[in-house]
Amino acid sequence: MTGNKQTLHGYLEWLVAKSKVSRNTVSELAAGKRNPTLPTIKKIMKAIKEVDPNASADDFFDM
């Protein structure tokens with residue numbers, strides 16, 4: 001993998017581990033192939049808020 005792909009892969013793996021959302025779901029969300037359910041948004045935002053407590057779902061999802 002190139003540097004950027006490796007970094008992206010690392011972030012996705014971190015998000016999968018922290019959010020308990022499947023790797024397939026996270027990948028499809030990142031690629032814009034799927035719309036998230038409310039429970040998925042909550043799980044992902046809980047993980048993201050560990051890094052950035054001020055993060056908002058609006059920053060990551062079209063709502």
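Any residue in region 27-35 that is within 13 Å of the chain's Cα centre (by Cα), surrounded by 12 or more Cβ atoms within 10 Å (Cβ to Cβ), assigned to a helix (DSSP H, G or I) and acidic (Asp, Glu)? Yes; the residues of region 27-35 include at least one that is within 13 Å of the chain's Cα centre (by Cα), surrounded by 12 or more Cβ atoms within 10 Å (Cβ to Cβ), assigned to a helix (DSSP H, G or I) and acidic (Asp, Glu). For Val21, state whether it is outside any helix (DSSP H, G or I) and among the aliphatic types (A, V, I, L, M). So Val21 fits the description; yes.
Values in this text are rule-based calculations from the coordinates and carry no lab data. These numbers were taken from a predicted model, which means no experiment stands behind them. In this analysis, Cβ positions are derived from the backbone assuming ideal geometry, glycine residues included, and neighbour counts consider all displayed protein chains.
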